[in-house]
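Below is one structure; the comments refer to it alone.
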Amino acid sequence: MVSQMRHSLAHIIPRIIKIPPKKRICVMLLCISQISVSTIIPSGMFKMQCHDRHFWLNVQSQFLGQTTRLGFEDSSGVHYLSIKRAAECGYSIVFSAAGDLVLRASFLACHVNSKLGQKGAEFWLRVRVVNEDVDSKEVVYPLLLSCPLFQAWSPREVVCEEGYMEVSVTRWLPHNNHLNREKDVRPPEEDGLSQWQVAFHVPHQTLAEGMSVKEAHLQGYHINARGDRLVMHCLYSSPLSYVLQDHGIEVEAVSATVFYQHQKIPLLANLSVACPLSRAMVDGEHLSWMFPQILSPLVQGWFRDKGVRMGVDGSLLSECQILERGYEIGLREHLVEIRIPFGAKGGFIKSNVVDQSYLQSFSVDLYFIHQWEEGHWGVTQHRSFRSLNTTYIPGRLILINNTIPGQGIFSVTFGVFSPEVSLRSVAVGGEAPLSWAQARKAGIQVSLMPFANGSHAYQLQVPFMHPHVFLEYIGGGYRRHILEMAFSLDVLPSNAAFFHHATVVCDSQDAVLPKLEGKCTDQGVLVLLHYGNLGSEWEMYIDGRRMDWEVVKLGGYVVNLEEEEYFSVELSMHSLGVVYENISLQALRIRVEVSLVNVDTELVEHTLVQRCTFPVREFLRKYYLCLPEGRAVAVVDTSRTIPPVKPMRTALLDLSCRPSAADGTRALFNFSLDLCGTKTSMEGNHLVYENEVVYMERTARPLPLIHRDTHFRLILQCRYLVNNSITIHHLPTVFPSSTSNPTQGSPGYLWSKKPPSGRAQRSVLQQRMADRPVEMSLLMVSTLGMVSIFLGILAMILWLRASCLFNT
């Protein structure tokens with residue numbers, strides 16, 4: 001028997017459907033082979049569900065063999081059906097967008113068993129899934145699908161499946177019918193089905209095509225009786241179908257009338273079916289599909305619409321779910337329009353790369369029920385399964401900035417991608433691309449965000465303080481964080497690459513501006529520059545001079561770069577930029593003006609005026625009197641002269657230059673070195689300024705041999721090192737940019753949040769000038785003056801004694 005069956009199968013050519021990646025399903029008619037039955041089913045391999053009027057079986061793509069076959073078992077054996085025969089019997093074998101094998105079987109399909117019990121109708125189907133590997137070894141997984149009838153049948157129900165059309169109507173039975181509904185439905189032959197006649201009506205043909213049910217079956221129209229229902233299955237583009245335009249939409253229809261007898265009573269039933277053939281369109285950012293509200297081949301008499309319900313993957317959605325996903329159902333010019341946002345939940349995105357351009361297609365396994373009422377049939381339920389697909393269009397890459405300013409970290413979501421897209425690397429701030437592991441070491445977190453429909457997105461997290469995040473102060477206490485990103489992605493399995501660049505910003509009200517702070521020290525002024533957190537570059541100006549290395553050396557500044565939060569400059573009382581505001585015999589007051597200029601905006605961001613007052617005694621004891629701006633200060637103490645000299649009667653070589661202040665013992669001179677009779681000379685590489693403090697006698701006549709006035713003379717001398725190579729940069733009205741011409745002196749030093757920290761630079765900044773101006777010492781001059789007075793007095797005594805001896 002087996003050998004005969006094998007011989008009969010030798011002339012059958014199986015049909016094969018290719019499954020990516022390189023997997024196949026082979027469905028055959030009565031195909032028998034050596035197989036082993038497996039009672040152990042891998043977890044997650046199958047997903048079985050009951051949806052309305054259908055069994056659903058989902059086989060995960062990773063469990064499909066090199067060849068997979070489906071068989072259906074009933075009392076007569078196991079049947080392996082061809083694709084065409086399966087569709088004629090009420091089966092849809094398709095592949096989801098994710099690559100899974102999906103079997104949808106109608107409750108009214110061939111080989112489905114049913115019975116009417118106390119709890120209602122129940123349907124079950126035995127399925128065998130046969131996997132064949134590359135070595136032709138087969139493993140069989142026997143499954144039992146069992147589903148109840150959730151809702152009673154309507155008088156007429158139409159199903160528009162992917163590969164076939166189905167219509168079932170209530171068969172009128174006499175009241176004295178004694179059909180045992182608790183038993184399985186009897187074969188058609190026992191009910192006289194082979195004697196039934198079918199008439200097909202085609203528009204523009206005067207005569208209807210009449211034939212037996214068996215002849216109709218040979219032409220692809222499978223008519224059967226299932227309990228109290230008559231059912232017909234047929235393929236699209238069947239020989240007696242026709243296509244018409246219904247409000248601009250193509251509709252395929254089959255108009256059939258069945259004539260039958262029951263207990264010698266002639267009966268007839270209308271088995272007409274109609275399905276829209278319209279395809280999905282891309283309307284902006286939506287997937288759009290339309291079908292006629294009224295299918296004219298199915299409506300006779302008055303019509304009352306009872307609404308449309310929609311779902312995906314065979315599951316109806318509630319109104320809340322429809323609104324949540326952004327789906328839209330509307331009526332426009334007698335057409336029902338369904339709009340689904342591109343990439344919405346329930347759909348599937350597929351990716352491709354052409355000429356390094358990223359392309360996407362979007363598909364949705366749509367399921368909807370349209371219900372209406374009319375005069376002839378009463379209620380009709382019209383179901384449709386449509387896999388809506390778009391062509392490849394430029395990819396819609398969505399980058400969402402989820403950053404919360406207070407958290408101090410960028411959080412960016414990038415997607416949505418289909419499973420075949422993989423992120424290879426990411427680059428931030430224009431730097432070199434980093435792999436996932438390298439990015440993690442660099443403080444950048446990259447993570448995968450999977451979604452329920454198989455798609456995914458990527459999340460990128462970068463701290464605000466990352467060195468490749470740009471900062472910008474925008475005023476009002478706000479600073480702007482700027483993150484530039486470049487993504488490199490591959491589409492598998494071809495590994496075709498594409499790239500995407502994006503920039504996100506986040507403003508936070510946490511700006512700490514740079515601030516200047518001044519302090520008075522025992523020896524001068526200390527200026528602190530607190531960096532703040534803006535990360536900008538700054539230039540410091542002291543008394544209008546841009547601070548660069550040469551100015552630091554010339555001015556005798558001491559710079560400290562060791563602190564993390566601030567930078568400091570220490571100025572002594574004789575440093576460049578120190579202005580003497582008030583000099584008196586009691587105190588000395590100096591002023592230092594410091595400005596901070598933003599290199600990018602060339603604006604003065606902060607100005608500091610620091611004043612310090614020092615006692616004169618400290619000033620005389622510790623500091624010199626030759627000021628860097630070309631002035632000299634001298635305090636002359638005349639209390640120790642013999643006889644005493646009145647301070648107010650002293651003067652410089654130019655006798656008009658009198659003391660600016662005086663008391664009983666001291667005189668204060670404050671004069672410019674190019675005035676008051678100052679003499680100038682060169683000694684080596686020093687410029688020497690010299691003046692004298694002299695005592696003005698009370699009379700201009702020649703001094704007598706003996707007089708009481710003291711001959712007082714005090715030499716003042718200032719020495720300055722001549723250095724023609726030093727250029728002093730003064731603070732202009734319009735500030736210069738940060739770029740300086742190297743041939744025009746040293747560029748200004750840029751103070752950012754953390755200044756350059758090279759050791760060579762710090763060592764230069766931390767030393768005073770090697771050749772500081774040499775200044776005279778008042779103490780030395782006073783000592784010489786006292787010696788001269790003493791010698792003068794001694795000479796006078798000797799002269800008086802000699803005079804007395806001469807007179808005697």
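Nothing in this text is a laboratory measurement; each read-out follows from the coordinates by a stated rule. Small disclaimer: the values here were computed from a predicted structure and weren't measured. Glycine gets a Cβ as well: all are built from the backbone with ideal geometry, and neighbour counts include every protein chain shown.
Using the C-alpha atoms of the range 376-506, what convex hull volume per residue, in cubic angstrom, is computed?
Values: hull volume 26.4 nm³, N = 131.
Hull volume over Cα atoms, normalised by residue count, gives 201 Å³.
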In whole angstrom, the spacing between the Cα centers of the range 66-99 and the range 298-348 equals 29
Shape call for the range 392-450 from the C-alpha gyration tensor, a ≥ b ≥ c root eigenvalues: rounded (a/c under 1.5), prolate (a/b greater than b/c) or oblate?
-> oblate
Would you kindly compute the Cα radius of gyration of the range 283-412 and its largest Cα-Cα separation (Dmax), both in Å?
-> 19.4, 69
Just grab the label-to-label distance for His501 and Gln62, each label 7 Å out from Cα along the Cβ direction, in nm (one decimal).
-> 3.8
For the range 185-337, max minus min Cα coordinate along each principal axis, in Å, sorted largest first?
-> 57, 37, 31
Placing each pseudo-label 7 Å from Cα in the direction of the beta carbon, Val512 and Trp436 end up separated by a distance in nanometres of 3.7
Relative contact order of the range 37-136 (C-alpha contacts under 8 Å, at least 6 apart) in percent is 31
Hypothetical label at Thr521: residues of the range 538-559 whose amide nitrogen lies under 17 Å (7 Å Cα-Cβ projection) = 542, 552-559
Stokes-Einstein D (µm²/s) once Rh is taken as the Kirkwood radius of the range 536-646 over alpha-carbon pairs, at 25 °C in 0.890 mPa s | 151
Once the principal axes of the Cα atoms of the range 455-574 are found, what is the range along each, listed largest first in whole angstroms?
-> 75, 30, 24
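If we count every other residue with Cβ under 12 angstrom of His217's Cβ, Lys/Arg +1 and Asp/Glu -1, where does the sum land? Intermediate results must be reported in sequence, preceding the final value.
Working: positive: Arg85, Lys214; negative: Glu88, Glu215.
With Lys, Arg at +1 and Asp, Glu at -1, the neighbours total 0.
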What translational D, rounded to a whole number of µm²/s, comes out for the range 353-399 from Stokes-Einstein when the hydrodynamic radius is the Kirkwood one over Cα pairs, at 10 °C and 1.306 mPa s?
-> 113
